[in-house]
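A quick write-up on the structure given underneath.
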Amino acid sequence: MPEQCFRPDWDNYFMAIARIIATRGTCDRLRAGAVLVKSNRIIATGYNGSPPGLAHCDGEAGHLLEEGHCVRTIHAEHNAILQAARLPGSSTEGGTLYTLYNPCIHCVKYIVAAGIKRVVIGKIYRGEAALNYLKEAGVQVDLYEENKEWYGIIRKLFEDEITEIKPKEGDVKLI
């Protein structure tokens, strides 16, 4: 652990998780990740990937392209919403979606229909028309401001070994 504790705000915390989620993606055209949050609790995650049980783009079936887009996979944002739909008692209403890239127009429609009220975007990808659609629907759209200090701490967390902590003599008594 870092010597000095840095406690990230919620946007930094969830965007870091979205980056990790993206590593599960199975379409190498874009490794995207999304985290769906409600009341600062993760309710679902998603990444670009094929539906369960079907072949993946990476190393298996290759890309299925239509008009320059791979349609074999479900986008990260859509996958997060679908995952929430499969969880008993879960609701997306009023939630926040953290996503590495701005959603496509199709995912934007699902976001609006799911009642998500805020979307935090890491980077603009392929224009801003979909963002205007979100804004027209009353969804708050925020462009994430990367915190260099926080990402430095994350890198260090993964570079360092997990610290073994041994209790001081006398702290633990076995009966």
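Structure notes:
- Of all DSSP bridge pairs formed entirely within the chain, close to 60 percent run antiparallel.
- Loop-resident sites, the range 1-86, for trypsin sites (Lys or Arg not before Pro), counting at most 15 other Cβ within 10 Å (DSSP): ARG24
- Using just its DSSP H runs of length 4 or more, each adding -39500 (n - 2.57), the chain gives a mean residue ellipticity at 222 nm of -9000 deg cm²/dmol after division by all residues.
- In sequence order, the range 68-85 has phi-based couplings of x, 10, 7, 10, 5, 9, 9, 5, 3, 5, 5, 4, 4, 5, 5, 4, 4, 5 Hz under the Karplus curve 6.51 cos²θ - 1.76 cosθ + 1.60, θ = phi - 60°, and Gly or Pro positions carry x.
- When cysteine pairs in the chain are screened for C-beta atoms closer than 4.7 angstrom, the residues that find no partner are CYS5, CYS70, CYS104, CYS107.
- Accessible area of the range 1-68 belonging to carbon and sulfur atoms, whole % at 1.4 Å probe: 50
- Residue pairs exceeding 24 angstrom between C-alpha atoms, taken from LYS38/LYS123; LYS148/LYS168; LYS109/LYS148: LYS148/LYS168; LYS109/LYS148.
- Convex hull per residue volume in Å³, alpha carbons only, for the range 108-153: 87
- Principal axis extents of the C-alpha atoms in the range 1-40 (largest first, rounded to whole Å): 38, 27, 10.
- All C-alpha pair distances within the chain, sorted into 10 Å bins from zero, spread as 9, 33, 30, 17, 7, 3, 1 percent across the bins.
- With the simple model of a label 7 Å out from the Cα in the direction of the Cβ, LEU82 to HIS106 spans 1.0 nm.
The values are calculated or read from the model by the stated rules, or taken from the named source; none is laboratory data. Only a predicted model underlies this, so the values are computations on that prediction, with no experimental measurement involved. Cβ atoms come from the backbone with ideal geometry, glycine included; neighbour counts cover every protein chain shown. These accessible areas exclude ligands, DNA and RNA; they are computed on the full protein's heavy atoms, side chains included. Shrake-Rupley method; radii C 1.70, N 1.55, O 1.52, S 1.80 Å.
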